[in-house]
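Participant: This structure is in structure tokens; I'll ask about it shortly.
The values are calculated or read from the model by the stated rules, or taken from the named source; none is laboratory data. Note that this is a predicted model, so its numbers are computed, not measured. Positions of Cβ are backbone-derived with ideal geometry, glycine not excepted, and every protein chain shown enters the neighbour counts. We work out accessible area using only protein heavy atoms, side chains counted, and drop any ligands, DNA or RNA first. Shrake-Rupley method; radii C 1.70, N 1.55, O 1.52, S 1.80 Å.
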Amino acid sequence: MTDDDLWKKRFQLFVLVRMFGLAIFALGVAIAFTDLVRTGGWPLPGCLLAVMGAIDAVFAPRILKRSWERQDK
């Protein structure tokens, strides 16, 4: 595996992790404010899920980057 292939796979994983976090965030907003789970929305679980998704979208890629930097040393 060349260095370019390695970084391409890492970038794809980075993007997938960030997109997963954004999808969880959007699901949480949908649960909180729509009739997706129950009529009138379900604010508490929806907001918790949205916060978890936002945290995942922001911090998980940073953690991946740090682990890759440690592996490359």
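Participant: Using a 1.4 angstrom probe with every protein chain in place, what is the largest-first accessible-area order of PHE25, PHE14?
Facilitator: Accessible-area ranking of PHE25, PHE14, largest first: PHE25, PHE14.
Participant: Quickly rank 32-42, 48-58, 63-73 as a protection proxy: mean count of other C-beta atoms within 10 Å, highest first.
Facilitator: The peptides rank, most packed first, as 48-58, 32-42, 63-73.
Participant: For the stretch 1-71, what is the accessible area per residue in Å², given a 1.4 Å probe and the full set of protein chains?
Facilitator: The answer is 75 Å² per residue.
Participant: Let me ask something else about it. Could you work out what % of the accessible surface of the chain is carbon and sulfur, using a 1.4 angstrom probe and leaving DNA, RNA and ligands out of the count?
Facilitator: The C+S portion of the solvent-accessible surface of the chain is 69 percent.
Participant: Given the whole protein assembly as supplied and a 1.4 Å probe, what does the accessible area of LEU27 come to in Å², nearest 10?
Facilitator: In the full protein context, LEU27 sits at about 70 Å².
Participant: Hey, another quick one. Between the helical axis of 3-33 and the dominant principal axis of the chain, each derived from Cα atoms, what acute angle in degrees is found, rounded to the nearest 10?
Facilitator: Approximately 10 degrees, to the nearest 10.
Participant: Then there's this: Once you order the gyration tensor axes a ≥ b ≥ c over the Cα atoms, which shape class does the stretch 1-40 get: rounded for a/c under 1.5, otherwise prolate or oblate by comparing a/b with b/c? Please report the intermediate quantities before stating the final value.
Facilitator: Working: a/c = 9.40, a/b = 6.27, b/c = 1.50.
Judged from the Cα gyration tensor, the stretch 1-40 comes out prolate (a/c at least 1.5, a/b above b/c).
Participant: What is the angle, in °, between the Cα long axis of helix 43-72 and the longest principal axis of the Cα atoms in the chain? Nearest 10 is fine, range 0 to 90.
Facilitator: With both axes taken from Cα atoms, the answer is about 0 degrees.
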